[in-house]
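The values are calculated or read from the model by the stated rules, or taken from the named source; none is laboratory data. None of the values given here were measured: they were computed from a predicted structure. Note that each Cβ is placed from the backbone with ideal geometry, even for glycine, and that neighbours are counted across all protein chains shown.
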Amino acid sequence: MRWTSALIAFAVVVAPSAVPAQTPRTALERDLDGFVMASCLAKAENPALKEQGDAWAGAVVQRSHGDFEIFKTLGKVVADELALTGFGVAHRDGPAALDLPLPALTCAEMRDRPAVRRALQAARAKLSPAYRAFK
């Protein structure tokens, strides 16, 4: 019983400090990551996802700071990447084996593709001064 109390006390005192605190994303990171995801969803065949993507991308651009052309370039890189790879698909087994498109998965992972990562890095470098000015 005594060891259990000591172990619980140790866990309460030590465990929270053992997990490093997450640094919140900056407004620039949030806008760039959001724009990549949104511009990807805007290319989906599903009308609801397409509408959400268009609206989300528009909202990001409206609240952004700096040159809009940088976001346009980033959107083009996303579109080019989708033209090369398309959206992921889940293959179902069974008698009614229909493929299920996975635009949410594809778009969530879009920022990790090499061409998009390079475009994000370039956009971050160009937009950083404008975002710092609006702190």
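The set of residues from the stretch 87-115 being in a loop (DSSP other than H, G, I, E, B) and either without any contact (Cβ under 8 Å) to a residue 12 or more places away in the chain or within 15 Å of the chain's Cα centre (by Cα) (or both) comprises ARG92, ASP93, GLY94, PRO95, ALA96, ALA97, LEU98, GLU109, ARG113. Here VAL77 fulfils each of the conditions (1) over 22 Å from PHE134 (Cβ atoms); (2) among the hydrophobic types (A, V, I, L, M, F, W, C); (3) within 14 Å of the chain's Cα centre (by Cα); (4) buried (at least 20 other Cβ atoms within 10 Å of the Cβ) apart from (3). Scanning the stretch 24-70 for residues that are part of a loop (DSSP other than H, G, I, E, B), surrounded by fewer than 16 Cβ atoms within 10 Å (Cβ to Cβ) and within 16 Å of the chain's Cα centre (by Cα), we see that the one that is modelled with the highest pLDDT is THR26. Answer with yes or no whether GLY94 is on the phi > 0 side of the Ramachandran plot and of a type outside the set (Phe, Trp, Tyr). So GLY94 fits the description; yes.
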